[in-house]
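What follows is one structure encoded as structure tokens, with my remarks underneath.
The values are calculated or read from the model by the stated rules, or taken from the named source; none is laboratory data. Treat the numbers as computed from the prediction; the structure is a model and nothing was measured. Backbone-built Cβ (ideal geometry, glycine too); neighbour counts: all protein chains shown.
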Amino acid sequence: MWRVARGSERGIPGTASENGEPPTLPVAAVARRLGVAPATLRTWDRRYGLGPREHASGRHRRYGPADIARLEVMRKALLRGASSADAARYALASELPAAEPVASGLGTSDLGPGELDAGSPRGASARPGFARAVKGLCRATRALDSLALREQLDLAIAEHGVLDAWERVIEPVFDAFGDDTDASAGAYLLAECVLAALLRPMPAVSASPTAPPVLLCSVAAEQGGLPMYLADAALRGVGLSTRLLGAVRPISALLAAAERLAPPVIAVWARHSRSAEPEYFQRLGRLCAAPRLVAYGPGWQLVPLPAAVHRAASPREVLDRVHARIP
């Protein structure tokens, strides 16, 4: 049962310790306060260190006022157009008094233009176009307005390019709505609209008709989904020819395609380590053409791979690995 700590100016519900320390809230309550999924808070803790400062291993996470204040800074920065990593760095660097009263829940309301002007994370206020795009995309996602989503996505990609649109506009909205898409029908709709935007014909680019294509695929047990289409669109957007094969099974089919196309780079996506099979790169490494091999996605992170394989965690890193081979 919730209790209100004595002396709390804002009436923050939580558990007050007997020695008068500030109240704390569990993950679910903080998630409701901020308007995000509980899975998002766990991800922010695991990925960026934005968890409870006093958390002890083996015990449930409980957030104090200063912890929640940092999360609110993170969320505001996301909605102002900062990337997730920049928003987290800004939130962690913010000097917040330990006993500072926690602000009211943000939900997904719009923010005033000056809220992050001072000391804002890189790009959040310097590029107001990102902030406007994030707000517009948030509104359309909340409203489940597919027409507005398509228009906003097309405009963001046209103005900023695929990678900047993803990192500075689309990904912050996904983060704001939560990693657990079960918690939001809007996140499902946004994902479908992003995929549709990436599949639309792109303006003609100056790719050489005789240049061998970059080969993209995912491991047999998975569908690449958005990450593969993002990498494909980013490569095509800079004039490179690509072939996106999807989930390839068996591996011999990928080898046959590689022998036929002689790609300079082959990127293989894996989301989960249980389906990330090193055999893909062991067999690809024996190809006569010796393409650059890229292990794309979090599934490969802890999987031992041949020394010649390059790892990429994001679509931008895939592009960087390709550019290192194809200037």
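The one condition from (1) over 14 Å from Leu254 (Cα atoms); (2) crowded, with 20+ Cβ neighbours inside 10 Å; (3) of a type outside the set (D, E, K, R); (4) in contact with a Phe, Trp or Tyr (Cβ under 9 Å, 6 or more places away or on another chain) that Val322 does not meet is (4). Selection over the stretch 227-243 of residues that are buried (at least 20 other Cβ atoms within 10 Å of the Cβ) and either part of a loop (DSSP other than H, G, I, E, B) or of a type in the set (A, V, I, L, M) (or both) gives a count of 7.
Of everything in the stretch 227-269 that is among the charged types (D, E, K, R) and either at pLDDT below 90 or under 23 Å from the mean Cα position of the chain (by Cα) (or both), the residue that is nearest to Val194 (Cα to Cα) is Asp232. Is it the case that Ala16 is more than 20 Å from Ala85 (Cα to Cα) and at pLDDT 70 or above? Spelling it out, it is not the case that Ala16 is more than 20 Å from Ala85 (Cα to Cα) and at pLDDT 70 or above. The condition (being farther than 22 Å from Arg46 by Cα and assigned by TED's automatic domain parsing to the domain that holds Ala233) is satisfied by just one residue among Arg271, Arg283, Arg311: Arg283. Within the stretch 32-72, the residues that satisfy the criterion of being at pLDDT below 80 and hydrophobic (A, V, I, L, M, F, W, C) are Leu34, Val36, Ala37, Ala39, Ala56.
Inside the stretch 120-152, residues that are buried (at least 24 other Cβ atoms within 10 Å of the Cβ) and either at pLDDT 85 or above or polar (S, T, N, Q) (or both) make up a count of 6.
Taking Gln223 as the residue in question, decide whether it is outside the structural domain of Tyr188 (by TED's automatic domain parsing), assigned to a helix (DSSP H, G or I) and polar (S, T, N, Q). Here the answer is no, as Gln223 does not meet what is asked. Mind checking which residues of the stretch 270-327 are under 19 Å from the mean Cα position of the chain (by Cα) and in a loop (DSSP other than H, G, I, E, B)? If the condition is that a residue be under 19 Å from the mean Cα position of the chain (by Cα) and in a loop (DSSP other than H, G, I, E, B), then Ala270, Arg271, His272, Gly297, Gln301, Ala313, Ser314 are the ones that fit. Within the set Glu222, Glu277, the sole residue that is under 27 Å from Arg200 (Cα atoms), crowded, with 16+ Cβ neighbours inside 10 Å and in contact (Cβ under 8 Å) with a residue 12 or more places away in the chain turns out to be Glu222.
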